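Note sheet for the following structure.
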Amino acid sequence: MKTLGILVGGGPAPGINGVIAAAAIEARNRGVRVLGFYDGFKWLAQGDMSHVMEIEIDEVSRIHFEGGSILRTSRENPAKSPDTLRHVVETLDKLEVSYLLTIGGDDTAFAACRLSEVMKDRIAIAHVPKTIDNDLPLPQEVATFGFTTACNLGKDIVQNLMEDAVTTNRWFFVTVMGRRAGHLALGIGGAAGATLTVIGEEFPEPRISLQTLVDILEGAMIKRRASGKGHGVVILSEGLADKLDPTDFGSVERDSYGNLRLSELVLGRVLKERVAESLRARGIDVTIVAKDLGYELRCAPPGALDIQYCRSLGYWATRFLLDGQTEAMVTIQGGKMVPIPFREMLDHRTGKIRVRYVDIKSESYQTLRAYMIRLEPQDFEMPGQIEALAQSGKLDRTEFVKRFSYLGD
């Protein structure tokens with residue numbers, strides 16, 4: 001009897017259990033044994049064969065409704081050293097695994113790619129794209145699973161914060177997960193109609209100053225005040241911190257893949273303090289609350305769309321492997337299974353998986369941008385508008401233009 005191994009890497013996302021269930025059911029229906037590896041590559045990388053469960057249909061037939069992962073997950077990088085990679089290879093051989101299905105984001109996809117290079121012709125490997133960041137290299141219209149559910153739940157949370165902002169006449173700075181790309185922040189901010197959403201893709205340069213972000217936020221608050229409103233909700237993509245100088249935040253840890261742990265950079269809190277200090281120095285009293293949003297979304301029960309999507313992904317990923325194919329990320333595009341070979345996913349400049357960024361030239365982004373409150377070029381083209389904004393910010397006209405006009409370039 002051949003054996004299918006399943007593991008989950010990276011952060012949780014709504015729908016993981018649906019993929020596991022569909023993959024296991026299809027494999028068992030075709031006479032294949034199914035093993036689930038706990039905690040991603042963590043134990044395999046240590047040569048540990050004890051953290052494994054055999055999966056039968058009855059155990060997973062209803063788990064597609066559940067959030068989280070019955071196999072748990074971790075960010076263990078099996079390719080961090082020759083020894084850890086060798087341990088994975090040896091352990092999979094001892095367990096007589098014929099097929100391996102990895103579920104995860106860019107780091108797990110990279111690990112699957114590296115593993116496929118050393119286990120070529122010995123084991124078939126496929127990857128299922130999972131991340132609420134929505135940043136894997138897929139066509140723009142194809143979401144990674146979990147993204148839709150996370151956006152919907154995030155929208156509800158931000159809607160509540162918007163009501164709180166109106167009721168208490170305060171601002172919220174909400175930092176939303178997304179290590180490199182701003183899809184989740186933009187999706188939540190756009191769906192909720194937040195006052196302003198700022199994402200890293202707006203800045204093509206590799207580094208931006210913290211003061212630039214302060215000016216964008218303060219400028220938006222001044223424009224809001226000019227319309228008679230002293231409240232709002234700003235959505236900040238976590239990936240903005242990756243464009244700042246990390247020394248602005250002190251010592252920050254990295255994970256096993258070398259990524260900064262951006263959640264530790266307290267971006268919202270730093271911006272809150274800088275913006276509030278600047279406004280209060282000019283006699284503008286403002287209350288700003290910093291909040292991080294992301295962990296609340298990752299283990300939510302999947303919505304109907306993600307349940308159906310994940311069932312297709314798990315089923316067709318298993319069919320892909322059992323039909324003799326390997327070394328690809330399995331996707332569903334236009335209702336059809338489309339495998340993307342690992343080699344096509346790599347950025348040959350970095351050697352890592354390519355990142356799908358938000359296309360800020362797209363009509364969808366321009367639509368969301370049009371509904372934001374922020375300083376735009378036209379604000380500096382009308383003398384009357386400049387005077388109103390300067391008065392709102394308790395600056396004279398010259399000071400206002402000198403401080404903020406570059407935002408309209």
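Within the stretch 355-380, the residues that satisfy the criterion of being of a type outside the set (S, T, N, Q) and closer than 30 Å to G104 by Cα are V355, R356, Y357, V358, D359, I360, K361, E363, Y365, L368.
Restricted to helices (runs of 4 or more DSSP H) entirely inside the stretch 280-376, those with at least 3 residues that are of a type in the set (D, E, K, R) are 304-322. Applying a threshold of 8 Å to beta carbon distances and a minimum spacing of six or more residues, or different chains, the list of pairs starting in the stretch 221-237 at a residue that is in contact (Cβ under 8 Å) with a residue 24 or more places away in the chain and ending at one that is of a type in the set (S, T, Y) and part of a loop (DSSP other than H, G, I, E, B) reads R224/T195; G232/T195; V233/T195; V234/T195. Just one of the listed residues (G384, G408) is without any contact (Cβ under 8 Å) to a residue 40 or more places away in the chain, more than 22 Å from T212 (Cβ to Cβ) and not assigned by TED's automatic domain parsing to the domain that holds G182, and it is G384. Residues satisfying the criterion are present in the stretch 234-256 (criterion: at pLDDT below 95 and part of a strand (DSSP E or B)).
Is there a residue being part of a loop (DSSP other than H, G, I, E, B), farther than 20 Å from G104 by Cα, not basic (K, R) and not assigned by TED's automatic domain parsing to the domain that holds N152 anywhere in the stretch 36-47? Looking for residues that are part of a loop (DSSP other than H, G, I, E, B), farther than 20 Å from G104 by Cα, not basic (K, R) and not assigned by TED's automatic domain parsing to the domain that holds N152, one finds at least one in the stretch 36-47, hence yes. Just a yes or no: is a residue in the stretch 77-86 part of a helix (DSSP H, G or I) and among the acidic types (D, E)? Within the stretch 77-86, one or more residues are part of a helix (DSSP H, G or I) and among the acidic types (D, E).
Quick one: is K80 in contact with a strand residue (DSSP E or B) (Cβ under 8 Å, 6 or more places away or on another chain) and basic (K, R)?
Answer is no for this residue.
So, in the stretch 200-218, of the ones that are part of a helix (DSSP H, G or I) and aliphatic (A, V, I, L, M), which residue ends up farthest from R374 (Cα to Cα)?
Residue satisfying both the conditions and the ranking: L210.
Can you name the residue in the stretch 139-169 that is farther than 19 Å from C299 by Cβ and touching a strand residue (DSSP E or B) at 6+ places or on another chain (Cβ under 6 Å) and, of all such residues, is surrounded by the fewest Cβ atoms within 10 Å (Cβ to Cβ)? Looking at the filtered set, the residue picked out is V142. Selection of first residues in the stretch 342-361 that are under 17 Å from D133 (Cβ atoms) and of second residues that are of a type in the set (F, W, Y) and not in a helix (DSSP H, G or I), restricted to Cβ pairs under 9 Å at least 6 apart or on distinct chains, gives the following pairs, ordered by first then second residue: K352/Y257. If the condition is being within 23 Å of E273 (Cα to Cα), in contact with a Ser or Thr (Cβ under 8 Å, 6 or more places away or on another chain) and not in a strand (DSSP E or B), then the stretch 190-199 contributes only I199.
The values are calculated or read from the model by the stated rules, or taken from the named source; none is laboratory data. Just so it is clear, the model here is predicted, and its values are computed rather than measured. Note that we place each Cβ from the backbone using ideal geometry, even for glycine, and neighbour counts take in every protein chain shown.
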